[in-house]
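The values are calculated or read from the model by the stated rules, or taken from the named source; none is laboratory data. Small disclaimer: the values here were computed from a predicted structure and weren't measured. Note that each Cβ is placed from the backbone with ideal geometry, even for glycine, and that neighbours are counted across all protein chains shown. Surface areas here come from the heavy atoms of the whole protein model, side chains and all, with no ligands, DNA or RNA. Shrake-Rupley method; radii C 1.70, N 1.55, O 1.52, S 1.80 Å.
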Amino acid sequence: MLGKQERIIPIDIQDEMQTSYMDYSMSVIISRALPDVRDGLKPSQRRILVAMNDLNLQPGRPHRKCAKIAGDTSGNYHPHGEQVVYPTLVRMAQDFNMRYTLVDGQGNFGSVDGDGAAAMRYTEARLTHGAMEMLMDLDKDTVSMSPNYDETLVMPDVLPGKFPNLLCNGSSGIAVGMATNIPPHNLGEVVDACKALIDDPTINPRQMMQYLKGPDFPTGGIIYGRRGIVQAYETGRGKVTVRAKANMETIKSETSRSERTRIVITEIPYMVNKSNLLEKIADLVRNKEVEGISDLRDESDRDGMRIVVELKKDAFPEVVLNMLYKHTQLSTTFGINNLALVENQPKVMAITEMIRHYVEHRHEVVVRRTKYDLAKAEARAHILEGFLIALDHIDEIIALIRSSADTEAARNGLMETFKLSEVQSQAILDMQFKRLTGMERQKIEDEYREILSLMERLRNILGSRPLRMQIIKGELDELKKKYADERRTEIIDESQDIQMEDLIAEEDMVVTISHQGYIKRIPVTTYHRQRRGGKGITGMGTKEEDFVKTLFVASTHSSILFFTNFGRCYWLKVFDLPQGGRAAKGRPIVNMLEIQKDEKIAAYLPVRQFDADHFVLMTTKHGLVKKTDLTEYSRPRRNGINAINIVEGDELITACLTNGEQDIVIQTQLGMAIRFNEREIRAVGRNSQGVKGITLENDDLVVGAVAVMRPDAHLLVVCRNGYGKRTGIDAFRVIHRGGKGVMSIKATERNGDVVSIMEVVDNDELIIVTQKGILIRLPVQDIRSLGRVTQGVRLINLGADDLVMDVERVPQGENDDIEEIEDAEIPDEAIGEGGE
């Protein structure tokens, strides 16, 4: 122990941890997880291809056991064990992972269902044509070489990479603190993009998209929207939505004439496990999160993928498909991250920069290959020059060789006598006697001329960059001609994000609102048709002091504009309303809209689309009218917006949609009506008051307004006591707005005040609601057409102390699925208190 000295170096643990972790990080980044921008390969992938090339596993040759390939790769180049090498080999052979496979596998190499590959002792492999293009010219000093792990062999730092692998096959990997996720592309488009950059080095990513449309996944699918592609191509990072490709098939039942629809999925998003996808769909059906599916089958075979989703008879195919997109991996997001190694440094690149690095790499390969070929040609020309000298002096040379004591003396004699180099002299000594014939001499002369021509062409290549670029373009065209195929992934220009309404079946709903502000929706088919004078059925359960105030029909996909008596507007979607039975109360509107204190809903306007061709026409209690573009209401706000400025004492009464050319009829409670054209009303902004529509007398008030749609239709007027009539619109002549109007119905004691006015045709139906919640549905054609100055007929037989509160028109053409029932038998529990 006395002779030994221990050397202890004190190190700060923080510095040591930082240094060691940085070394580890860079090792993972450079030597394991990230691809090189030039050939698109990680070290493990590159070493597998080199090892297979060493084994001469070219296309057309017999396959070799993967155990042999993995063993040679591990033993010669990648000393991390065969079990690490084999999964990488398997992935390069899977056509559902690689857009263009680099390994031609024979045996079980896994499936899109997530099945693993067989053990390496059972599978065999060889290189594909694409891999051979990657390795082409490797023996011509085209790339730099480095020693392997034990310095017994050398291996390439990068492959020559004639095939643009990084863009065509993409790459994914997780390093330390960073990750790459480069999508695959179509070879034909990549070739066109490379040529475009060669022709115009200043091309930008958006211009590049004329040639490189977007990712092209091996499993196909549909990319929705180009915004994510543009962002990724410009910045190196972006997200694209990829959905499965699905078709609707209609099949006829074998036992009946009925037809059913099924969804057939033929392509799924990239990297989605089909088996897990089917299991997820089954779970959704089992848990009733997705309804309308009766059966699920996987009919995939060697010809392609086919997932069949059988639907129930009453299912809505588009809604079911959107639900599957929403809740399963039939719709995924691919996060693009164009991160690769540039001179052994990780870098996120735009698409043009990635292509530029590939083109520059190919340019370097062409230069090095040309220099190699030139050196080889010069060496051969040098030998041929020696042969020609020897043939010119054949007798002297033969004599010199015969007189020489040994080979060295003969070589030296040739060098001194004929001024030949050592290489030339040795080649002459090695020449066979058959080369001395006249025919052989001619062959030498022809070869010499060809070599000189080749040398001139190679020198021209080295002296001209444009010529080298033309060679690169020619090689790319050759690749495209040999291996390009059709695009598999479809790209749709506009992104179609799944909205909530895409998950809701579109159908007509009766929306009912009570006096105390309860709202709900009921399928319109709930109400059966009855004859005039029928008893009706309960349409809404109400408390004793509450009653149904109004109702209207709207699609589940429609928006509802709520106009209040204060002149403000709020929004709701019909599908957001609570759905219940006829006796359900619904939900308070105050809990769904942020309305002010003492503010009441005055008008309800269902809108399917906010276009520039329609207007909102509003009428106030004191006879003012106002017209505003419908687009002014296309941007919902939770706390509402001002629709019209209301003066003190006035209130908003109605709001309706118009096309700018319609006649307007305003009705008062005392039976007066005026008709004028809306062109007399100028469209103004939301923050304005409006103009006079009708002049009122004797404390009269406006109860409603109609925008006339059909000149041959009738105006239906309904009074408080259940009486009403319809009168031809022609009976009301068009005058200027602001007049007093004419009588539309006699507001007698029998009739009561006017409650409602609407435009109707014979095929329409009415739903009348009373104060006690009784509803009746009856055909318009059962109501007699009468003149203006008449009292009308009974529309509903009211009970004691009951009054008509509101009326809604149901166009028959929009509800052909409603069962036609005459004299329907209504259960006792469905009859309201005032029914007979």
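General remarks:
- Helices (runs of 4 or more DSSP H) contained entirely in the range 164-240, each with at least 2 residues that are over 22 Å from P346 (Cα atoms) and under 18 Å from the mean Cα position of the chain (by Cα): 227-235
- Of all residues in the range 693-749 being part of a loop (DSSP other than H, G, I, E, B) and small (G, A, S), the one that is most open to solvent (accessible area, probe 1.4 Å): A747
- Selection within the range 441-472 - surrounded by fewer than 16 Cβ atoms within 10 Å (Cβ to Cβ) and of a type in the set (D, E, K, R): K443, E445, D446, E447, R449, E450, E456, R457, R459, R465
- Residue in the range 103-110 that is within 27 Å of the chain's Cα centre (by Cα), farther than 12 Å from Q45 by Cβ and open to solvent by less than 30 Å² (accessible area, probe 1.4 Å) present: no
- Test: residue in the range 392-407 that is open to solvent by less than 50 Å² (accessible area, probe 1.4 Å), at pLDDT below 90 and of a type outside the set (V, I, T): yes
- Selection within the range 322-332 - open to solvent by 20 Å² or more (accessible area, probe 1.4 Å) and of a type in the set (A, V, I, L, M): M323
- Screening I222, I198, I182 for residues that are surrounded by fewer than 24 Cβ atoms within 10 Å (Cβ to Cβ) and either without any contact (Cβ under 8 Å) to a residue 60 or more places away in the chain or more than 27 Å from R468 (Cα to Cα) (or both) leaves exactly one candidate, I222.
- Taken together, E318, E343, E360 contain a single residue that is touching a residue at least 60 places away in the same chain (Cβ under 8 Å) and among the acidic types (D, E), which is E318.
- Pairing each residue of the range 149-162 that is on the phi > 0 side of the Ramachandran plot with any residue that is open to solvent by 10 Å² or more (accessible area, probe 1.4 Å) and among the basic types (K, R), provided the two are 6+ apart or on different chains, yields C-beta distances under 7 Å for G161/R38.
- Residue identified as open to solvent by 50 Å² or more (accessible area, probe 1.4 Å) and not in a loop (DSSP other than H, G, I, E, B) among D139, D95, D115: D139
- Scan of the range 333-375 for residues that are open to solvent by 30 Å² or more (accessible area, probe 1.4 Å), of a type in the set (S, T, N, Q) and in a strand (DSSP E or B), ordered by number: T333, Q345
Results for (1) in contact with a strand residue (DSSP E or B) (Cβ under 6 Å, 6 or more places away or on another chain); (2) over 20 Å from V85 (Cβ atoms); (3) open to solvent by 30 Å² or more (accessible area, probe 1.4 Å); (4) without any contact (Cβ under 8 Å) to a residue 60 or more places away in the chain, shown as yes or no for each residue.
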{"residue": "A119", "(1), (2), (3), (4)": "no, no, yes, yes"}
{"residue": "E124", "(1), (2), (3), (4)": "yes, no, yes, no"}
{"residue": "L135", "(1), (2), (3), (4)": "no, no, no, no"}
{"residue": "L166", "(1), (2), (3), (4)": "no, yes, no, no"}
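- Going through (1) assigned to a strand (DSSP E or B); (2) surrounded by fewer than 16 Cβ atoms within 10 Å (Cβ to Cβ) one by one, Q596 falls short only on (1).
- K245 passes every criterion in (1) without any contact (Cβ under 8 Å) to a residue 40 or more places away in the chain; (2) touching an Asp or Glu at 6+ places or on another chain (Cβ under 8 Å) apart from (1).
- Filter result for G541 (modelled with pLDDT under 70 and closer than 17 Å to G517 by Cβ): yes
- Within the range 666-683, considering residues that are under 30 Å from E749 (Cβ atoms) and open to solvent by 20 Å² or more (accessible area, probe 1.4 Å), the one modelled with the highest pLDDT: R675
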